[in-house]
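A.B. asks: Handing you this structure, nothing more for now.
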Amino acid sequence: MEITTFLKHHYRHFNAAALIDAAEGYRAHLDGNGKMMITLAGAMSTAELGISLAEMIREDKVQIITCTGANLEEDVFNLVAHDYYERIPGYRDLSPEQEQALLERHMNRVTDTCIPEMEAMRRIEHVILEEWQKADKAGERYFPHEFFYKILLSGKLDASFQIDPKNSWLLEAAKKNLPIIVPGWEDSTLGNMYAGHCISKDIHHVHTVRSGIEYMMFLAEWYTENAQEDSTVGFFQIGGGIAGDFPICVVPMLHQDLQRDNVPLWGYFCQISDSTTSYGSYSGAVPNEKITWGKLGLDTPKYIIESDATIVAPLIFAIILGK
């Protein structure tokens with residue numbers, strides 16, 4: 001409890017106090033028989049959030065995850081190519097010529113971290129292409145995360161692991177067959193590769209990878225089964241964008257488009273974002289605005305922490321895990 005004790009002693013006001021409140025609200029939600037969705041935007045996998053998120057998954061502190069295609073694949077890139085990554089602390093001072101030099105070395109920069117194309121992206125492409133083609137030939141269809149589960153659980157990548165596998169959140173999720181929603185998967189490195197293989201006819205049926213609409217249909221079924229009046233589902237949002245906007249809409253869809261009256265609203269809401277809320281900033285809207293969209297209720301516990309998620313999220317997870 002050393003981390004929790006320290007935080008509760010020092011984090012008493014403003015964003016710091018909101019962090020404590022949100023963590024305690026998360027714990028109270030789970031203690032009240034609730035379930036929790038965590039959504040991942042930005043580059044949280046390259047920021048190695050897996051070190052804490054994997055433990056959250058192991059300890060059953062999260063029941064479903066929504067993430068961008070980038071966060072899905074970048075956890076695996078880090079798992080198999082970490083030793084080839086390069087960190088650039090002075091990334092703000094890079095000239096265009098230095099950026100071009102990184103490109104020529106096939107080093108794709110994400111803020112202060114460069115992902116090596118050949119050791120990470122192409123290595124995974126080779127392995128997952130076999131699964132895409134196998135499913136394509138058999139007339140089978142799977143979600144993007146299910147293809148990752150297949151390659152992770154097959155053991156094909158085990159010899160390539162370059163970090164402690166317990167720090168890979170996607171590997172832990174695969175072991176539990178945790179449901180994952182990946183809206184807009186096409187907007188990812190492997191999504192681009194998949195499109196290329198469909199164009200070149202290496203894959204003959206573009207729908208071998210199931211679509212975002214099917215993800216929403218799956219989520220509607222999952223939410224209906226898991227959200228009950230005495231066991232609601234909470235929403236813990238890291239960043240903005242499609243990772244948060246897509247899944248939170250399942251509730252108004254069930255109410256307004258399917259006319260289902262007995263579906264509870266989200267039972268907890270927290271967003272960590274360093275985007276300042278502003279006019280026209282839907283992704284940065286304050287929680288109360290979501291009441292007008294039929295996503296949250298008057299009594300839903302609501303928290304917003306305006307800070308860097310790479311700092312905030314591991315601290316909140318530490319409190320939830322009782323560290």
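The values are calculated or read from the model by the stated rules, or taken from the named source; none is laboratory data. In this text, all values refer to a predicted model and were calculated from it rather than measured experimentally. As a convention, Cβ positions derive from the backbone with ideal geometry for all residues, glycine included, and neighbour counts pool all protein chains shown. Protein only, heavy atoms only, side chains kept; ligands, DNA and RNA dropped before computing areas. Shrake-Rupley method; radii C 1.70, N 1.55, O 1.52, S 1.80 Å.
A.B. asks: What pairs come up if the first residue lies in the range 168-192 and is crowded, with 18+ Cβ neighbours inside 10 Å and in a helix (DSSP H, G or I), the second is modelled with pLDDT of 95 or more and among the charged types (D, E, K, R), and their beta carbons are under 7 Å apart, counting only those six or more places apart or on different chains?
C.D. replies: Final answer for the pair search is 169/75; 170/75; 172/58; 189/73; 190/73; 190/125.
A.B. asks: So, of the residues in the range 285-323 that are among the acidic types (Asp, Glu) and farther than 19 Å from residue 267 by Cβ, which turns out to be modelled with the lowest pLDDT?
C.D. replies: Once the filter is applied, the top-ranked residue is 306.
A.B. asks: Okay, next question. Quick check on my filter: what residues within the range 103-115 are under 27 Å from the mean Cα position of the chain (by Cα) and either at negative phi or without any contact (Cβ under 8 Å) to a residue 24 or more places away in the chain (or both)?
C.D. replies: 103, 106, 107, 108, 109, 110, 112, 113, 114, 115 - these are the residues of the range 103-115 that are under 27 Å from the mean Cα position of the chain (by Cα) and either at negative phi or without any contact (Cβ under 8 Å) to a residue 24 or more places away in the chain (or both).
A.B. asks: Which residue is least open to solvent (accessible area, probe 1.4 Å), if the candidates are limited to the range 77-93 and must be within 21 Å of residue 103 (Cα to Cα) and in contact with a Leu (Cβ under 8 Å, 6 or more places away or on another chain)?
C.D. replies: Ranking the qualifying residues of the range 77-93, first place goes to 80.
A.B. asks: Just to be sure before I move on: is residue 323 open to solvent by 40 Å² or more (accessible area, probe 1.4 Å) and part of a loop (DSSP other than H, G, I, E, B) in the structure I sent?
C.D. replies: So residue 323 passes the test.
A.B. asks: Any idea which residue in the range 198-229 is farthest from residue 142 (Cα to Cα), counting only those that are touching a helix residue (DSSP H, G or I) at 6+ places or on another chain (Cβ under 7 Å) and open to solvent by 70 Å² or more (accessible area, probe 1.4 Å)?
C.D. replies: My answer is 204.
A.B. asks: Among the listed residues 149, 142, which satisfies the condition of being under 22 Å from the mean Cα position of the chain (by Cα), at pLDDT 95 or above, surrounded by 18 or more Cβ atoms within 10 Å (Cβ to Cβ) and not basic (Lys, Arg)?
C.D. replies: 149
A.B. asks: Another question, then. Give 44, 37 a once-over and let me know the one that is of a type outside the set (Ser, Thr, Tyr), open to solvent by less than 60 Å² (accessible area, probe 1.4 Å), outside any loop (DSSP other than H, G, I, E, B) and modelled with pLDDT of 95 or more.
C.D. replies: Residue meeting the stated conditions: 37.
A.B. asks: Something else: If I go through the range 245-263 residue by residue, how many of them are under 22 Å from the mean Cα position of the chain (by Cα) and part of a loop (DSSP other than H, G, I, E, B)?
C.D. replies: Of the residues in the range 245-263, 1 are under 22 Å from the mean Cα position of the chain (by Cα) and part of a loop (DSSP other than H, G, I, E, B).
A.B. asks: Would you confirm whether any residue within the range 293-301 is open to solvent by less than 50 Å² (accessible area, probe 1.4 Å), over 15 Å from residue 23 (Cα atoms) and of a type in the set (A, V, I, L, M)?
C.D. replies: Yes - at least one qualifying residue is present in the range 293-301.
A.B. asks: From the list 156, 150, 201, exactly one residue is in a helix (DSSP H, G or I) and either at positive phi or of a type outside the set (S, T, N, Q) (or both). Which is it?
C.D. replies: 150
A.B. asks: Looking at the range 115-131, can you tell me whether even one residue there is in contact with a Phe, Trp or Tyr (Cβ under 8 Å, 6 or more places away or on another chain), closer than 24 Å to residue 163 by Cα and not in a helix (DSSP H, G or I)?
C.D. replies: yes
A.B. asks: Any residue in the range 18-31 that is open to solvent by 30 Å² or more (accessible area, probe 1.4 Å), part of a helix (DSSP H, G or I), modelled with pLDDT of 95 or more and not charged (D, E, K, R)?
C.D. replies: So far as the range 18-31 goes, yes, one or more of its residues are open to solvent by 30 Å² or more (accessible area, probe 1.4 Å), part of a helix (DSSP H, G or I), modelled with pLDDT of 95 or more and not charged (D, E, K, R).
A.B. asks: Consider residue 62 against the criteria (1) in a helix (DSSP H, G or I); (2) of a type in the set (Val, Ile, Thr); (3) open to solvent by less than 40 Å² (accessible area, probe 1.4 Å): it satisfies all of them except one. Which criterion is unmet?
C.D. replies: Here residue 62 meets the rest and fails (1).
A.B. asks: While we're here: Would you tally the residues in the range 302-317 being open to solvent by 10 Å² or more (accessible area, probe 1.4 Å) and in contact (Cβ under 8 Å) with a residue 60 or more places away in the chain?
C.D. replies: 8
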